[in-house]
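Heads up: the structure comes next, in structure tokens.
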Amino acid sequence: MERIIYVQFDQLNVAAGAMKLANKATDHIVLVESQRMLADRKWHKQRLLFLLSSARHFAKQLTDSGWDVSYLKSATTIDGLVEMKQKHPECEVLCATPNSFRLKESLADFGVTFVENDFFLTSTDTFTRWASAQKTFTMENFYRAQRRRLAILMDGNEPVGGSWNYDAENRLPPPKVHDWGQPVYFNFDDIDEQVISELPANAWGEIDGKTWGTSRAEALTQMSHFFTNHFKEFGPFEDSMPGESWSAHHSLISPYLNNGMLLPSEVVAAALERYAHGDIPISSCEGFIRQIIGWREYINGMYWYLGQDYRANNQLQANRKLLPLFHEPDKTEMNCVRSVISDVKERGWTHHIPRLMVLSNLALVTGVSPQEFLDWMREVFIDAADWVMVPNVIGMATHADGGVLMTKPYAAGGAYISKMGQFCKACKYDPKKRTGDDACPYTTLYWDFLDRHSETFATNHRMFQQMGGLRRLSNLTEVKERAEFVLQGLNNGQI
Ligand code: SF4
């Protein structure tokens, strides 16, 4: 045996990372299930099932195709590697550069040799070159540079269709009547059943059917289902929150991209190939491509660029404990919140608008600690990863970095949720009201949030309009009294 190839649970692909360099005749493959990782948080059951079962399927796929594989259950990842090293002291341990600071540090300390992490389209060096030349880290600028660099949806030096971005066409609210189609569901196999039987007792959430595939074949089925059935209408309705469909026209492939079962290059190639048929509007194709080569790469790049300490930011001094409703959605009468958190409990997923404008907005305007909210987001979302959640939560969701990533906070009252979702009609609160017993908590807390941070936002030109609105508010004292009542009620499950 020549080398030990260590495959991490978010790098499950034979065509990338260390596997791409491995030699079936001489190398030994190792995967390690860290028992500490399983027990140290209140993970969503489906998140654990997805991660563990995907890794076990991958190990089996390798074994079946003739690789020499060890799948270890060890106290920690490093303990597993120590065990391998003791058996084969002469072997070098090789893996692709990890996707988190913590793992990178501990593997480097152990003496693992890193090879290129090509689970992203942008190397850390390429991103650093871009970021170092910026005054502000505007994602749109990065995205345009990516389009040019990767020559995707380009017509010479100009964007295909004449515009870089079709967001203006992609903000349709859910229509009264619309066929949202059906998502794909899968069947549990023996490996899935075995993982379910081993889940820790403190895990959260439900497993009622198999929403998330756990093998490369199922990941490909999901991708193909999207391109056949949902791609066309993805763009216009990507921000919609319909009451009758949890998935709308979203692709549902982020978990597979984030555990390596799908590679961004093959997803982009499949999107462009489908677009070439001629029946997909540019607004859908461009919107989708932006998620893959823009947002995803930008967030990963910023995670590394901003460094280890970025996650500790709390510039708005938000110190409230995580609200009980985040684990117990029945504890609130806010219909949007109850519905979105129930969705998360049911399947570990909801799309970017409920994440941002319902969940994160609530954490922001109530002043929940960004670090507590970050922990929760990492524990409950099927596609969560450190590199995804740290910039998204600290920068975008809670404005805890003081505007490094986003120049203004994503705070909103009930009007946005009312326009883009179908929750308010069945809610006991009224999105238009900011005071009174039936005032929408978002609407009340939005003004209270602006007032609490009026000094901070006074010099932010992007908040000029909002702060003007606050100054013109006739009943701020009443709003603040109601806000205090709402905050207390949210703490003890009475709102
Ligand atoms: Fe949510 Fe407010 Fe609408 Fe109720 S009224 S569903 S709390 S936005």
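The values are calculated or read from the model by the stated rules, or taken from the named source; none is laboratory data. For clarity, every value in this text was computed on a predicted model and none was experimentally measured. Positions of Cβ are backbone-derived with ideal geometry, glycine not excepted, and every protein chain shown enters the neighbour counts. Surface accessibility is based on the protein's heavy atoms, side chains included, excluding ligands, DNA and RNA. Shrake-Rupley method; radii C 1.70, N 1.55, O 1.52, S 1.80 Å.
Below is a table of values for the structure above.
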{"read-out": "Subset tally (residues that are in a loop (DSSP other than H, G, I, E, B), buried (at least 18 other Cβ atoms within 10 Å of the Cβ) and either more than 8 Å from the ligand (Cβ to nearest atom) or outside the structural domain of Phe485 (by TED's automatic domain parsing) (or both)) for the stretch 414-434", "value": "2"}
{"read-out": "Residue tally, condition surrounded by 18 or more Cβ atoms within 10 Å (Cβ to Cβ), under 25 Å from the mean Cα position of the chain (by Cα) and among the β-branched types (Val, Ile, Thr), over the stretch 80-129", "value": "2"}
{"read-out": "Enumeration of residues in the stretch 327-341 that are under 21 Å from Gln46 (Cα atoms) and near the ligand (Cβ under 9 Å from one of its atoms)", "value": "Val337, Arg338, Ser339"}
{"read-out": "Test for Val344: is it under 20 Å from Gln494 (Cβ atoms) and within 16 Å of the ligand (Cβ to nearest atom)", "value": "no"}
{"read-out": "Filter result for Arg129 (of a type outside the set (Gly, Ala, Ser), part of a helix (DSSP H, G or I) and farther than 23 Å from Phe50 by Cβ)", "value": "yes"}
{"read-out": "Flag for Pro324 being within 14 Å of the ligand (Cβ to nearest atom) and within 22 Å of the chain's Cα centre (by Cα)", "value": "no"}
{"read-out": "Filtered residues of the stretch 382-410 (kept if within 16 Å of the ligand (Cβ to nearest atom) and surrounded by 23 or more Cβ atoms within 10 Å (Cβ to Cβ))", "value": "none"}
{"read-out": "Per-region count, the stretch 322-344, residues open to solvent by 30 Å² or more (accessible area, probe 1.4 Å) and either without any contact (Cβ under 8 Å) to a residue 60 or more places away in the chain or closer than 15 Å to Met377 by Cβ (or both)", "value": "6"}
{"read-out": "Enumeration of residues in the stretch 276-305 that are open to solvent by 40 Å² or more (accessible area, probe 1.4 Å) and either in contact (Cβ under 8 Å) with a residue 40 or more places away in the chain or part of a helix (DSSP H, G or I) (or both)", "value": "Asp279, Pro281, Gln291, Trp295, Trp304, Tyr305"}
{"read-out": "Flag for Val184 being assigned by TED's automatic domain parsing to the domain that holds Ile280, more than 22 Å from Arg290 (Cα to Cα) and in contact with a Leu (Cβ under 9 Å, 6 or more places away or on another chain)", "value": "yes"}
{"read-out": "In the stretch 180-201, the residues that are part of a loop (DSSP other than H, G, I, E, B), closer than 15 Å to His44 by Cα and open to solvent by 70 Å² or more (accessible area, probe 1.4 Å)", "value": "Ala201"}
{"read-out": "Options Glu273, Glu193, Glu206: the member that is of a type in the set (D, E, K, R) and touching a residue at least 12 places away in the same chain (Cβ under 8 Å)", "value": "Glu206"}
{"read-out": "All positions within the stretch 366-389 that are under 10 Å from the mean Cα position of the chain (by Cα) and not small (Gly, Ala, Ser)", "value": "Met377, Arg378, Phe381, Ile382, Asp383, Asp386, Trp387, Val388, Met389"}
{"read-out": "Exclusive hit being among the polar types (S, T, N, Q) and free of Cβ contacts under 8 Å to residues at least 12 places away in the same chain, set Gln422, Gln465", "value": "Gln465"}
{"read-out": "In the stretch 435-470, the residues that are assigned to a helix (DSSP H, G or I), open to solvent by 20 Å² or more (accessible area, probe 1.4 Å) and within 11 Å of the ligand (Cβ to nearest atom)", "value": "Tyr446"}
{"read-out": "Leu356 being crowded, with 24+ Cβ neighbours inside 10 Å, within 16 Å of the ligand (Cβ to nearest atom) and not assigned by TED's automatic domain parsing to the domain that holds Phe237", "value": "no"}
